[in-house]
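Please treat every number below as a calculation from the coordinates, not as lab data. This structure is a prediction, so every number in the text was calculated from the model and none was measured. In this analysis, Cβ positions are derived from the backbone assuming ideal geometry, glycine residues included, and neighbour counts consider all displayed protein chains.
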Amino acid sequence: MSFIIKCLDCGYAAPYFPTSTNCPRCNSQWREAEYDYETLAKTLPLQLSGRSFDLWRYRELLPVRNPNPTLTLGEGGTPLIQAVNLGMMLGTPNLFIKDERQGPTSSFKDRQASVTIAALKEAGITEMVAASTGNVAIAYSAFASRAGIKLWAFVTSLVPAVKMREIALYGSQVVKVTGSYDQAKQVAAEFARQRNLYQDMGARTITSIEAMKTIAFEIAEQLTGLPGSNNSSNGKAPLWRAPDWYVQAISGGMGPLGVYKGFRELKQMGLIDRIPSIAVIQADGCAPMVSGFKQGLETAIPVTAPNTRIETLATGDPGRSYTILRERVIETKGTFESVSDEEAFRAMHVLAKMEGVSAEPAAAVAFAGLFKLVRAGTIKPNETIVVNCTGHTMPAEEFILGSNWTRDVQFPAKKQENPEEGLLSALNQVAPNRFPRVAIVDDTAEARRLIRRILQSQGDFAIFEAANGKEGLELIQRELPDLVILDLMMPEMDGFAVMDALKANQDTADIPVIVATAKELTPNEKSRLGTQIQSLLQKGDFLNDEFLEEVKALIK
């Protein structure tokens, strides 16, 4: 498929060649690929049915003329996972995770490396330079080694040693720069200039943006036919479906720029009916784009000394990437937001414990931003949301886990007359006889499971469950738990009747109760509850610290 490279500044169109990084007319480095969208709108959907679900499924919309199948490592085609538990916690049932951890090197940078290396190989380029905070260099190293291209990887000294070793394992030359990421980029650029080598230029690299847009293509295909599909406003249903929101954590902004372009192309071809709102999330300690956006500035104010432990997001000077991304965000009615390192680390825990997804801190920034935007009402409960889980966690650092994350068991070294007694003794050190005891009474199995998981993520509890009020009352009277978490609206016997019965029995009258309900209570119902309960929480607010703090305060 033919394509051209068009300058974003003067509009000049030229053929694509990887080493041609500037517009021949105005010398701008900001250009992008354009394709024959009118023809592709008719032909592409017909061709997809027989193709594998991977990045090269959309080869007619990529700047590689003859993709070489021997270079692929299985990039793209990552799952779109419905986050059932997180959705329930947030009150957003149509919440999805684009799981980019499942790429060849466990990050979304595999897409960038795959397309760029394919283009370089096609052009006969055998050596390249890239600056990185870790994931980019790892991805490039893997694909470059497969293509026989030498990579010079310039990384900051803050990059974890385990990532540096992986880069070197692929045969790349690691150059460690004691300085910031922006300084590492300067050193890499000068090195490439002096040796006349191809250099990856981040968001200015045409193949990088083109690769990232395949995320949008996949999401639109994967959402098609799922419950809650949006209807076309013009009465004619589009072939594919776009979410209402796309959320991603960023450093330089390349990902959302590419994803926006992908959705724009799909809309241009009539395959979707709109472009989703783009939510861009940064770490508080290095958030030049967020600061610029909130101050109404068209250019970002550089952060000269990033102050975040999430080094992969520490781009202090995004340059023109911010200006362009700001236009895309405003156009889509999106937003910029930032979160603290602590909020990101907590999101890592929540994501792993609620959804079984272990994400790197940079990816957790996106989820922490999601929590913030939902709580603020920016993202509405009925909207369809896709969050990019950009990469897998590395071996967890101690500061992320905090204290008391493990328990020591001393198995008796002395030979026991009864070996079973020694085993039981060891297990008792992990599970002491007396646990805080919690009864969950709710007629919705999903709600019970969610509350159980939240409690289990906080510590050791003896948890009892009942599926209706009558069973719940019998359970409470039998087990005498330390705390009851009670739904109000249940069959046979509602929560109000359960509380009346508890108060009438001296054995259960003093057991504290947390009411968790999806019902908006009337003034009369609130008055009826009176002083009988410890706390009233709406379902959908379980992620709020209030719930966990309430449990901690009640159970000693």
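For a footprinting-style exposure proxy, rank Met88, Met493, Met289 by other Cβ within 10 Å, fewest first. Working shown, then result.
Values: Met88 22, Met493 17, Met289 29.
If I rank by nearby Cβ atoms, fewest first, I get Met493, Met88, Met289.
Counting other Cβ atoms within 10 Å, which GluC sites (Glu not before Pro) in segment 320-399 have at most 12 and lie in a DSSP loop?
Details: sites: Glu327, Glu331, Glu337, Glu342, Glu343, Glu355, Glu383, Glu397, Glu398; in loops: Glu383, Glu397.
For GluC sites (Glu not before Pro) across segment 320-399 that sit outside H, G, I, E and B with at most 12 neighbouring Cβ atoms in 10 Å, the list reads Glu397.
First select every other residue whose beta carbon is under 12 angstrom from the beta carbon of Phe96; then total the charges, Lys and Arg +1, Asp and Glu -1.
On the way: positive: Lys98, Arg241; negative: Asp99, Glu218, Asp244, Glu355, Glu383.
Its environment carries a net charge of -3.
Viscosity 0.890 mPa s, temperature 25 °C: give me the Stokes-Einstein translational D for segment 109-200 in µm²/s, with Rh taken as the Kirkwood radius over C-alpha pairs. Walk me through the intermediate numbers first.
Working: Rh = 12.7 Å.
The Stokes-Einstein estimate is 193 µm²/s.
Please order Cys286, Cys389 by the number of other Cβ within 10 Å, starting at the fewest. Display every interim value, and only then the final one.
Details: Cys286 24, Cys389 30.
Ordered from fewest to most neighbouring Cβ atoms within 10 Å, Cys286, Cys389 come out as Cys286, Cys389.
Out of every Cα pair in segment 452-504, what percent are spaced more than 17 Å from each other? Don't skip to the end; give the middle numbers.
Values: 495 of 1378 pairs.
Everything past 17 Å amounts to 36 percent.
Please give the contour-minus-distance gain from Gln477 to Glu492: 0.36 nm per residue of separation, less the Cα-Cα distance, rounded to one decimal in nm.
Details: separation 15, 0.36 × 15 = 5.40 nm, distance 1.74 nm.
3.7 nm is the gain from fully extending Gln477 to Glu492.
Calculate, for Arg193 and His349, the FRET efficiency according to 1/(1 + (r/R0)^6) with r their C-beta to C-beta distance and R0 45 Å; round to the nearest 0.05.
Values: r = 44 Å, r/R0 = 0.98.
The calculated FRET efficiency here is 0.55.
Counting other Cβ atoms within 10 Å, keep those with at most 13, restrict to DSSP loop, and tell me which chymotrypsin sites (Phe, Trp or Tyr not before Pro) in segment 1-66 are left.
Values: sites: Phe3, Tyr12, Tyr16, Trp30, Tyr35, Tyr37, Phe53, Trp56, Tyr58; in loops: Tyr12, Tyr16, Trp30, Phe53.
Filter output for segment 1-66: Phe53.
Please compute the Cα-Cα pair-distance distribution of segment 8-59 with 5 Å bins starting at 0, giving whole percents from short to long.
Result, from short to long distances: 4, 16, 21, 14, 13, 14, 12, 5, 1 percent.
Place a point 7 Å from Cα of Thr224 in the direction of its Cβ. Which residues in segment 255-272 have their backbone N less than 16 Å from it?
Under cut-off, by backbone N: 263-272.
If one computes the Cα centroid of segment 70-113 and of segment 243-309, what distance in Å separates the two points?
Rounded to whole Å, the Cα centres lie 18 Å apart.
Just rank His392, His349, fewest to most, by other beta-carbon atoms within 10 angstrom.
Ascending Cβ contact count within 10 Å gives the list His349, His392.
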